[in-house]
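I have placed the structure first, in the form of structure tokens, so that the comments after it can refer back to it.
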Amino acid sequence: MESEQANSLEAPHSAAESFYARALPRISGGMVVLSVVVNLLAWVMYGWRMAAGFACGAAIACLNFHWLKRVVTALADQITQSGRRQSSKGIVLRFLLRYVLMALGAYVILTVSPASLSGLFAGLFVPVGAIACEAAYEVYVTVARGL
């Protein structure tokens with residue numbers, strides 16, 4: 001009897017852990033879907049320049065998110081396996097490279113087409129939108145399925 005109760009308590013935890021473990025892939029996929037849908041809407045509503053700016057901003061944001069995910073995973077793996085911290089120079093350089101890339105994109109777009117700059121800035125918020133969609137989905141699944 002006691003082992004049945006223990007097994008019934010473990011099953012929901014493993015289902016919930018499995019569900020939440022897939023959050024990062026869902027966020028990455030959500031960023032791609034959100035980028036395509038909003039880019040098409042921007043093209044229809046505001047023209048190709050705004051859509052091009054948005055596409056550049058979304059690409060930079062997606063790349064930034066991917067790099068950040070890789071850096072955090074590598075740091076966590078290194079700390080848990082070796083117990084040592086990684087050199088701070090490499091971390092700072094990767095961190096600054098992301099901002100240099102964003103600034104370079106903004107400069108190029110500003111010199112080519114100032115109207116596209118607002119599209120670029122909107123595209124940089126694609127991860128925020130994808131994370132908000134993921135949060136709403138998690139709330140829905142938690143309420144509907146009781147995870």
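The values are calculated or read from the model by the stated rules, or taken from the named source; none is laboratory data. Nothing here was measured: the structure is a model prediction, and the numbers come from that model. Please note: Cβ atoms are built from the backbone with ideal geometry, for glycine as well, and neighbour counts cover all protein chains shown. Remember, those area values only see protein heavy atoms, side chains included, never the ligands or the DNA or RNA. Shrake-Rupley method; radii C 1.70, N 1.55, O 1.52, S 1.80 Å.
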Cut-off 10 angstrom, C-alpha nodes, Gaussian network model of the chain. Which of 100, 126, 36 fluctuates the most?
100
Hey, can you list the DSSP H helices of the chain whose Cα span along the axis is 27 Å or longer and whose average Kyte-Doolittle score is at least 0.5?
23-46, 48-82, 88-112, 126-145
The simple spin-label model distance between residue 67 and residue 138, using points 7 Å out along Cα→Cβ, in nm, is 2.5 nm
List the residues of the stretch 55-69 whose backbone N lies under 16 Å from a point placed 7 Å from the Cα of residue 97 along the Cα-to-Cβ direction.
60-69
Estimated inter-spin distance, residue 59 and residue 28, nm [label 7 Å along Cα→Cβ]
1.9 nm
Which of these, 90, 119, 57, has the largest mean-square fluctuation under a Gaussian network model of the chain (Cα springs below 10 Å)?
90
The chain accessible area per residue, 1.4 Å probe, protein heavy atoms, integer Å², reads 68 Å²
Residue separation between residue 128 and residue 48 times 0.36 nm, minus their alpha-carbon distance, gives in nm 26.5 nm
Express the carbon and sulfur contribution to the solvent-accessible surface of the stretch 10-147 as a percent, rounded to the nearest whole number, probe 1.4 angstrom.
72 percent
